[in-house]
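Worksheet: the structure to be examined is printed underneath.
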Amino acid sequence: MDATDATILNGRELARRTMDELRRESERFAQAHDRRALLLLVAVGENPTALLYAEQVQRACLRTGVDCQLEQFPAEIDETTLRLRVAALGARGDADGVVVLLPLPGHIRQRMVTEVLPPEKDVDGLGPRNAGHLMLGFPSFVPSTADAALALLRDAGVALQGQNAVVVGRSNVGGKPAGLLFLRENATVTFCHSRTPDLAAITRTADILFTSVGRPNYLTAEMIRPGAVVLDAGMNAVDGSLVGDVDYESLRAVAGALTPVPGGLGPLTPLMLIRHTLLGPD
Ligand SMILES: NC(=O)c1ccc[n+]([C@@H]2O[C@H](COP(=O)([O-])OP(=O)(O)OC[C@H]3O[C@@H](n4cnc5c(N)ncnc54)[C@H](OP(=O)(O)O)[C@@H]3O)[C@@H](O)[C@H]2O)c1
């Protein structure tokens with residue numbers, strides 16, 4: 001193998017095609033409901049990560065014909081008031097999806113807020129009903145990064161059934177839903193985290209490896225099996241650039257397929273929210 005053997009799983013290219021599909025779906029939605037679909041984003045405080053993601057989602061909504069409103073609350077809002085406000089947004093008859101942007105300020109418990117969203121509008125799947133349904137293997141909204149990973153795999157013709165899938169990271173937005181989704185697709189799943197001894201011995205068993213850790217370039221070529229499919233959800237700022245969890249250059253020579261950062265899962269995640277808003281859970 002030479003250093004360019006891995007197939008690059010191009011999220012930008014799939015995002016372009018997905019956008020065309022969603023534009024058609026949003027037209028269908030507008031015809032059926034006599035109005036455009038509406039996605040509400042809830043931001044608390046001025047967290048740059050949350051606001052950057054809000055901009056990306058707003059741009060994607062604009063391009064697909066879905067209305068999007070950003071509802072901003074001050075960082076000092078107390079949990080009880082925020083719960084009431086988010087519940088009121090969820091009750092709005094004109095809102096089809098509501099997403100609470102993360103991270104929230106430290107004094108607010110995420111679950112206390114996401115649990116007041118009506119499950120049918122919890123399009124990022126972080127509330128208890130959707131997370132529970134994912135765990136039980138029932139149709140549910142799946143957090144967008146995990147859903148983006150599945151979309152890229154399907155598009156590349158990579159079937160999960162019977163494969164060894166290793167997930168590194170067990171956050172509720174990243175590793176945990178990805179692993180449960182892969183399990184629902186009949187992969188044999190292993191979860192790894194910061195207390196996993198000899199991580200490399202486990203990652204080397206992976207046919208499909210998903211990482212959401214937040215450590216730049218930590219996953220190196222000797223940690224994967226030749227030919228493995230590697231999905232990198234890491235988005236780490238290093239010297240003003242964005243890098244993944246994966247040591248991309250060294251893995252290109254060994255992996256069978258690999259997502260770049262940027263340009264892998266990132267461009268697809270806002271589109272998963274829009275797809276959920278228009279089409280419901282799957
Ligand atoms: N593209 C997107 O939309 C998206 C979405 C989510 C996340 N991300 C990115 O993905 C990265 C992780 O985000 P997150 O929210 O999932 O992070 P997180 O909540 O900080 O979780 C990190 C996970 O990695 C595990 N971990 C930390 N060090 C490890 C090590 N040395 N070996 C093995 N596991 C280790 C942690 O284990 P413990 O549980 O034991 O602490 C934890 O489960 C970040 O770069 C973030 O920006 C991107």
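Here, each number is a calculation from the coordinates, and none is a lab measurement. Predicted model only: the values in this text are computed from it and were never measured. Ideal geometry is used to build each Cβ from the backbone, glycine not excepted, and the neighbour counts take in all protein chains shown.
Converting phi to 3J(HN,Hα) with the Karplus coefficients 6.51, -1.76 and 1.60 and the offset θ = phi - 60°, the stretch 159-176 yields 8, 8, 3, x, 8, 7, 10, 10, 10, 9, x, 10, 5, 6, 9, x, x, 4 Hz in sequence order, with x at every glycine or proline.
Distances between placed amide hydrogens fall under 5 Å for L70 paired with L41, all partners being 5 or more residues away or on another chain.
Amide H to amide H distances under 5 Å link Q163 with T188, where only residues 5 or more positions off or on other chains count and H is placed in the peptide plane. The Cβ shell under 12 Å around V142 holds other residues with a net charge of -2, Lys and Arg each +1, Asp and Glu each -1. Normalised by 2.2 N^0.38 Å, where N is the number of residues, the alpha-carbon radius of gyration of the stretch 175-282 equals 1.11. For the residues D207, D96, D78, a GNM of the chain with alpha-carbon springs under 10 Å puts the largest fluctuation on D78.
Taking the alpha carbon gyration tensor of the chain, multiplying each eigenvalue by 5 and rooting it gives semi-axes of 32, 21, 18 Å, largest first.
For A257, nonlocal amide neighbours, meaning residues 5 or more places apart or on other chains whose placed amide H falls under 5 Å from its own, are T7, V229, V230. Rounded to the nearest Hz, the phi-derived 3J(HN,Hα) couplings of the stretch 96-107 under the Karplus curve 6.51 cos²θ - 1.76 cosθ + 1.60 (θ = phi - 60°) are 9, x, 9, 10, 8, 6, 10, x, 8, x, x, 7, where x marks glycine and proline. Shape annotation for the stretch 56-182: C-alpha extents along the principal axes are 47, 33, 23 Å, from largest to smallest. Against the chain, whose longest principal axis comes from its Cα atoms, helix 79-91 is set at around 80 degrees. The Cα trace of the stretch 34-118 gives Rg and Dmax of 12.7, 41 Å, the first to one decimal, the second as a whole number.
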